[in-house]
Protein chains: 4
Amino acid sequence: MAKPRSGEKRTKIFRTALRLFAQNGYSKTTIKDIAAESNVSFGTVFTYFENKEELFHLCVTEPIEEFRHHLLETSGILEYFSIDKLKEMINEHVAYFLEKEDYLRVIQYVIGQPERFSKMMEELDLFSDEFMSFVQNVVKTGMEKGVLPESNPEEVGYGYLAFLMGARLTFTDYPGVQLTNALEKQAYRLFGIGI
Amino acid sequence: MAKPRSGEKRTKIFRTALRLFAQNGYSKTTIKDIAAESNVSFGTVFTYFENKEELFHLCVTEPIEEFRHHLLETSGILEYFSIDKLKEMINEHVAYFLEKEDYLRVIQYVIGQPERFSKMMEELDLFSDEFMSFVQNVVKTGMEKGVLPESNPEEVGYGYLAFLMGARLTFTDYPGVQLTNALEKQAYRLFGIGI
Amino acid sequence: MAKPRSGEKRTKIFRTALRLFAQNGYSKTTIKDIAAESNVSFGTVFTYFENKEELFHLCVTEPIEEFRHHLLETSGILEYFSIDKLKEMINEHVAYFLEKEDYLRVIQYVIGQPERFSKMMEELDLFSDEFMSFVQNVVKTGMEKGVLPESNPEEVGYGYLAFLMGARLTFTDYPGVQLTNALEKQAYRLFGIGI
Amino acid sequence: MAKPRSGEKRTKIFRTALRLFAQNGYSKTTIKDIAAESNVSFGTVFTYFENKEELFHLCVTEPIEEFRHHLLETSGILEYFSIDKLKEMINEHVAYFLEKEDYLRVIQYVIGQPERFSKMMEELDLFSDEFMSFVQNVVKTGMEKGVLPESNPEEVGYGYLAFLMGARLTFTDYPGVQLTNALEKQAYRLFGIGI
DNA sequence: GATGAATGAGGGTTCATTCAT
DNA sequence: TATGAATGAACCCTCATTCAT
């Protein structure tokens, strides 16, 4: 029996699961907990999701699409490049990474155990390749326009992704604005601007 | 009953545990697995470690000291500051972060679930504060010497730590040299140099 | 709420249930499976049958009547006894036991766990008593007519029933005709004929 | 970790399991029940057996060897054939089939669901072939010695096995001696003797 | 009548921990 | 010190049954 792919309860369960997986990891999170915090009964979780692994898998992969939209479709920067547009893009990236706390924690949990979650890693790798290649295009465009200093686009891609991931990983407790500013300014530097 | 704090078997078990915790996380790693891969019997693990939690706690906290040595006692940069010394320091940091794969995975596993591992988080936060304040001193010194451009030392600290953590988290498969170079050069930029 | 005792869907469900119970036993057979293989929805099964136990009970007891007809009303052998009529009866019995595979599997499943299915066992015992007493009458009649050799009718009854049940239980894969012949000839011997 | 293949507790658990599987079938029998009736804790069952399926498998296959001994090594009947020896063999077979109630119930449970337990069926089929070919040899020998009437050995084999299985299946409540006698005498008839 | 989402009791199984040897 | 059998809490999952639509 195919599982329903939508529905109010499914959404509730999904979000709860995402939060709990983010908080406690895969093994520590129990279906019982997910059910309780979703205000549904134990069995209902299995009405919407095949099993725990499938639920986790979906928590990891379903949001990728939305992620892609937010991170890659940034205000036509490739068509009309400018420092301001770049900064705007970076600001959005930083904000988005800091905002999507739960999802990124889950992602990092998976990335931290690539052998264990190899199936999901493949899908995440695809996205990370996509993201890096987008960043590389931005850098190339910026250089062609003579707006960005000489850089190795690949290196900027590596560094920028690492930086965003690390930012999300490392800072939990710090208040928002100050940290956000700090991270934005540091991110500019990775692109060779704002010094 | 106090547990032995040294011994060949203890070391073997400890290292195996660190590796397995890094690979599979806390819950998925079983004492049985640790014992088997350490070539000791099941019960022997409990001869050296109170219980699983204690073993994990030690895996997280024991190596901090060595970490401190490597990362903070870097060739008297504070006394004789120079761009070369700074680059040298950064190179060492990058190399060390990439080298200590297992340990850093474990750290990131803990950081990613701060409520769950709040006790260890405290100790890790102490070290991270220490590291950031060291970096801030480096930046301040560099600025005073007129060698580094105008920067907010705190921001550089944030960004640099995030970057190092993210680098370790994000890249597993890539070959060493090229990635190392890329990361080094991007790290320079965070300090406002290297372009 | 009284359940409908007839209807096309009821028949479909009933037959599917009988087949699945025969194939996999009571516990392994699920209502979901029965519904799916009957091409009805899940809940529909409960429209026609109180619950799983009731359905199983009916699978065991409903066909008894037809069984009785086929096995006990055999061509007036008690009125006009002859060796040929006896052989004819035996042939019919053997054929019927081999034909009613599903039902007899279910019967044997129940008989094999008499404590577990004590309620059904009572009904089955009634029929088995009836059958044995019929066979005893046949033997007595045959002896009175001087056509059957001296036998203990009860013993023949025991043996004959055991033989028929065992035949059905033991041989699944063997092709029909040869086995049927073999079993017929062996059954004759139990009555002291055909040697 | 390989499971212990002997030990007092293992024997206790094994026998309890055999009894409960015989009484209630595979699915209805719970590990909890087996543990309780064996006076061991729940987990101990898993110390000796991989899982429920494995335990069941062993219940079905381990006793085959002893079965073979008892049923096939019958007093050199093939070397020194005589009616008395044959009757002796039959008596032993009947007695053994009636005695090994639990084991044969389990066997019949498996045979009754051959698709479900196909793996075990293979092993059981091997034994049943062996048994039938032994019986065929007995019949051939008896015919050669001129002691048994003209028979189709294969047919006798079929019939005899069916009869023994059916006897075990069909009669549970009846007292021993009378039934035993009846079955023995009927079994003689299958070999064409004893009238 | 027909449906299938919701429920939760009960099953198999894992595994940290204890402890007698 | 070293071992591994014994334990049982807690997990995931199945499935009969109910009931609103």
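Structure notes:
- Figure legend. Inter-residue proximity from the stretch D:2-24: first residues more than 16 Å from D:Lys52 (Cβ to Cβ), second residues part of a helix (DSSP H, G or I) and more than 14 Å from DNA strand E (Cβ to nearest atom), beta-carbon distance below 7 Å, spacing 6+ or different chains. Indicated pairs: D:Pro4/D:Arg10.
- C:Leu183 falls short on exactly one of the conditions (1) of a type outside the set (Phe, Trp, Tyr); (2) assigned to a loop (DSSP other than H, G, I, E, B); (3) facing chain D (nearest Cβ under 7 Å), and that condition is (2).
- Output for the stretch A:4-24, where each listed residue is more than 10 Å from A:Phe56 (Cβ to Cβ) and within 11 Å of DNA strand F (Cβ to nearest atom): A:Leu20, A:Asn24
- Residue in the stretch D:58-68 that is more than 16 Å from DNA strand F (Cβ to nearest atom), exposed (fewer than 13 other Cβ atoms within 10 Å of the Cβ) and not hydroxyl-bearing (Ser, Thr, Tyr) present: yes
- A:Glu101 passes every criterion in (1) away from DNA strand E (no atom under 16 Å from the Cβ); (2) within 13 Å of chain B (Cβ to nearest Cβ); (3) modelled with pLDDT of 95 or more; (4) farther than 30 Å from A:Thr141 by Cβ apart from (3).
- Looking only at the stretch A:29-45, and only at residues there that are of a type in the set (S, T, N, Q) and within 14 Å of DNA strand E (Cβ to nearest atom), the one that is surrounded by the most Cβ atoms within 10 Å (Cβ to Cβ): A:Ser38
- Pair list, Cβ under 6 Å, 6 or more apart: the stretch D:40-55 residue under 16 Å from D:Ala2 (Cα atoms), other residue more than 13 Å from DNA strand F (Cβ to nearest atom) and in a helix (DSSP H, G or I): D:Phe49/D:Leu55; D:Leu55/D:Ala17
- Whichever residue in the stretch A:151-169 is surrounded by fewer than 24 Cβ atoms within 10 Å (Cβ to Cβ) and free of Cβ contacts under 8 Å to residues at least 40 places away in the same chain and, among such residues, is nearest to B:Tyr109 (Cα to Cα): A:Leu161
- Out of D:Thr141, D:Thr172, one residue alone is of a type in the set (S, T, N, Q) and within 9 Å of chain C (Cβ to nearest Cβ). It is D:Thr172.
- Of all the listed residues (C:Tyr26, C:Tyr48), the sole one being aromatic (Phe, Trp, Tyr), within 10 Å of DNA strand E (Cβ to nearest atom), on the phi < 0 side of the Ramachandran plot and touching a helix residue (DSSP H, G or I) at 6+ places or on another chain (Cβ under 7 Å) is C:Tyr48.
For every residue, the table says whether it meets (1) at pLDDT 95 or above; (2) among the small types (Gly, Ala, Ser); (3) touching a Gly at 6+ places or on another chain (Cβ under 9 Å); (4) under 29 Å from C:Gln23 (Cα atoms).
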residue	(1), (2), (3), (4)
D:Ala36	yes, yes, no, no
D:Val40	yes, no, no, no
D:Glu53	yes, no, no, yes
D:Leu58	yes, no, no, yes
D:Phe67	no, no, no, yes
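- Once the stretch A:1-23 is narrowed to residues that are within 20 Å of B:Tyr26 (Cα to Cα) and either among the aliphatic types (A, V, I, L, M) or within 11 Å of DNA strand E (Cβ to nearest atom) (or both), the residue that is nearest to the other protein chains (Cβ to nearest Cβ) is A:Ala22.
- Residue in the stretch D:106-114 that is closer than 15 Å to D:Asn137 by Cα and part of a helix (DSSP H, G or I) present: no
- Total residues in the stretch D:106-132, condition out of contact with any Lys or Arg (no Cβ under 6 Å at 6 or more places or on another chain), of a type outside the set (S, T, N, Q) and under 23 Å from D:Val156 (Cα atoms): 13
- Yes/no for B:Ser82 being within 12 Å of DNA strand F (Cβ to nearest atom), surrounded by fewer than 18 Cβ atoms within 10 Å (Cβ to Cβ) and not acidic (Asp, Glu): no
- The residues of the stretch D:115-130 that are assigned to a helix (DSSP H, G or I) and crowded, with 16+ Cβ neighbours inside 10 Å, listed by number, are D:Met120, D:Met121, D:Leu124, D:Phe127, D:Ser128.
- Applying the set (1) part of a loop (DSSP other than H, G, I, E, B); (2) buried (at least 19 other Cβ atoms within 10 Å of the Cβ); (3) β-branched (Val, Ile, Thr) to C:Val147 leaves exactly one unmet item: (2).
- With respect to the conditions (1) in contact with a helix residue (DSSP H, G or I) (Cβ under 8 Å, 6 or more places away or on another chain); (2) within 13 Å of chain D (Cβ to nearest Cβ); (3) surrounded by fewer than 20 Cβ atoms within 10 Å (Cβ to Cβ), C:Gln178 lacks only one, and its number is (1).
- Going through (1) closer than 22 Å to D:Arg19 by Cα; (2) more than 11 Å from every other protein chain (Cβ to nearest Cβ); (3) modelled with pLDDT of 95 or more one by one, D:Phe117 falls short only on (2).
The values are calculated or read from the model by the stated rules, or taken from the named source; none is laboratory data. This structure is a prediction, so every number in the text was calculated from the model and none was measured. Cβ sites come from the backbone with ideal geometry, for glycine too, and all protein chains shown count toward neighbours.
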